[in-house]
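Engineer: I'd like to ask some things about the structure below.
What follows is calculated from the coordinates using simple rules that are stated; it is not laboratory data. If you're wondering where the values come from, they're calculated on a predicted model, not measured in any experiment. All Cβ positions, glycine included, derive from the backbone under ideal geometry; neighbour counts span all protein chains shown.
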Ligand SMILES: *Cc1c(COP(=O)(O)O)cnc(C)c1O
């Protein structure tokens, strides 16, 4: 039985060709391809300044550091996310303060966020989970009132938008990831997107040992550079992002129509969801449902089975009811652009059979 994968990066002839071109050029580290990738990615984010780095986690880390966030600061983050969101905050010396989600969108709840603000709060770091933009109109409003920075973890949401405004352009800084399972990939890689040019310059320094001119190290930095090999892949992928996102949306709409209506993901009006994941919610028997899908050749996953505040690495003694419930109930099924008509039919048919068997 052929297995339908949950994620499947699309790497074609063009990607292989551009990688060969870079390999032949001999310019393997950060060079002209990275520069071009930054410029081209900028079109996706309202022409904001872009700084390419070696992973999405590095992008978040640099985003926070270049905003001057560190020891003594609190950063509001969701707990229903990948650990990288909070890891990046902790690695700056700041404290991640976990905030509950809106159970309908799985994104940070503006009301919960408002209540978590203290005199030490410096920033709100939102995640656009599963490719659905967070409630940016309200969150930006709160940030303005309380003079807080807004950082967007857009690792799962390349090309998502609210009306005509793309994610990555609502806050002061944003981070994207190009890990192979994301909506576009470079292998490993990330992009930091800045509202402000000075902060972007700081990020360029942090990326490269704190230097712009060789051996003239202005600040303490790291090596977070992207290679030209990875950037060349990214440039190629970027050409197809819109088309792939449209395919994800078509697949999502198709699945939503065929399965029990109440299970389809909720999308607020004017929100352009890019379906990094197609996530349903099962009030019970989630794990049985998952096992049945797997044994019928349909890969699926739980994002995320544990709230970040409950991970051994954090162990924060708070109760976030909507987050904790979601960890027990969510299940993501394949929606990626490589799915064929046949795959979609198999997914929905199998899904409905299992659903009927388990819930009657
Ligand atoms: C993937 C991801 C990251 C980290 O990106 P990497 O490229 O894997 O380092 C951060 N936040 C979220 C929400 C992610 O999904």
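Engineer: What does the helix-only formula give at 222 nm for the chain: each DSSP H stretch with n ≥ 4 adding -39500 (n - 2.57), the total divided by the residues, and the result rounded to the nearest 500 deg cm²/dmol?
Structural biologist: Values: 12 runs with 138 residues, N = 360.
One gets -12000 deg cm²/dmol as the mean residue ellipticity at 222 nm.
Engineer: So between residue 198 and residue 28, what do we pick up on full extension, going 0.36 nm a residue minus the alpha carbon distance? Write out the running numbers ahead of the final one.
Structural biologist: Values: separation 170, 0.36 × 170 = 61.20 nm, distance 2.78 nm.
Taking 0.36 nm per residue and subtracting the Cα distance, the gain is 58.4 nm.
Engineer: Another question, if that's okay. Could you work out how far apart the two model spin labels at residue 358 and residue 243 are, taking each label as a point 7 Å from the Cα in the direction of the beta carbon, and quote it in nm?
Structural biologist: Modelled inter-label distance: 3.6 nm.
Engineer: Normalising by the residue count of region 1-139, find the relative contact order in percent from Cα pairs under 8 Å and 6+ residues apart.
Structural biologist: Here the relative contact order equals 18 percent.
Engineer: Alpha carbon centre of region 280-350 versus region 185-258: separation in Å?
Structural biologist: 27 Å
Engineer: On to the next question. Using a basic spin-label model with each label point 7 Å from the Cα along Cα→Cβ, how many nm lie between residue 250 and residue 13?
Structural biologist: 2.1 nm
Engineer: Something else: So what is the relative contact order of the chain, in percent, for Cα pairs below 8 Å that sit 6 or more residues apart?
Structural biologist: Values: 754 pairs, mean separation 80.6, N = 360.
With pairs under 8 Å counted, the relative contact order is 22 percent.
Engineer: Taking a label point 7 Å from the Cα of residue 21 along the Cα→Cβ vector, which residues of region 218-258 have an amide N closer than 14 Å to it?
Structural biologist: 228-239
Engineer: Classify region 223-360: rounded, prolate or oblate, from the alpha-carbon gyration tensor (a ≥ b ≥ c, eigenvalue square roots; a/c under 1.5 rounded; otherwise prolate if a/b is larger than b/c)?
Structural biologist: Since a/c reaches 1.5 but b/c is at least a/b, the shape of region 223-360 is classed as oblate.
Engineer: Over region 204-360, what is the relative contact order in percent, taking alpha-carbon pairs closer than 8 angstrom and at least six residues apart?
Structural biologist: 23 percent
Engineer: With the Cα gyration tensor of the chain in hand, give its eigenvalues times 5 under a square root as the equivalent ellipsoid semi-axes, listed largest first in whole angstrom. Write down the numbers at each step before the final one.
Structural biologist: Values: eigenvalues 219, 143, 56 Å².
Taking √(5λ) for each Cα gyration eigenvalue gives 33, 27, 17 Å.
Engineer: May I ask you to compute the full-extension gain from residue 144 to residue 291, defined as 0.36 nm times their residue separation minus their alpha-carbon distance, rounded to one decimal in nm?
Structural biologist: Values: separation 147, 0.36 × 147 = 52.92 nm, distance 4.58 nm.
Contour length minus Cα-Cα distance gives 48.3 nm.
Engineer: Say R0 is 22 Å: what FRET efficiency, to the nearest 0.05, do residue 345 and residue 306 get from their beta-carbon distance? If you can, show how the numbers build up before the last one.
Structural biologist: Numbers: r = 34 Å, r/R0 = 1.53.
Computed FRET efficiency for residue 345 and residue 306 comes out at 0.05.
Engineer: Does region 1-97 classify as rounded, prolate or oblate by the C-alpha gyration tensor (a ≥ b ≥ c root eigenvalues; a/c under 1.5 gives rounded; else a/b over b/c gives prolate, otherwise oblate)? Don't skip to the answer; put the middle values down first.
Structural biologist: On the way: a/c = 2.51, a/b = 1.46, b/c = 1.72.
It is oblate, given that a/c is not under 1.5 and a/b is not larger than b/c.
Engineer: So how do 337-347, 65-75, 206-216, 149-159 stack up, highest first, on mean other-Cβ count within 10 Å? Intermediate values should be presented prior to the final figure.
Structural biologist: On the way: 337-347: 15.9, 65-75: 18.5, 206-216: 13.9, 149-159: 27.4.
The peptides rank, most packed first, as 149-159, 65-75, 337-347, 206-216.
Engineer: Right, here's the next one. Classify region 41-177 as rounded, prolate or oblate, taking a ≥ b ≥ c as the square roots of the eigenvalues of its Cα gyration tensor: rounded when a/c is under 1.5, otherwise prolate if a/b is larger than b/c and oblate if not. Could you put the intermediate results ahead of the total?
Structural biologist: Values: a/c = 1.44, a/b = 1.12, b/c = 1.29.
Rounded.
Engineer: Related question: Students often check this: by mean Cβ neighbours within 10 Å, which of 225-238, 4-17 ranks highest, and how do the rest follow? Don't skip to the end; give the middle numbers.
Structural biologist: Working: 225-238: 24.0, 4-17: 15.4.
Per-residue Cβ counts within 10 Å, averaged per peptide and sorted highest first, yield 225-238, 4-17.
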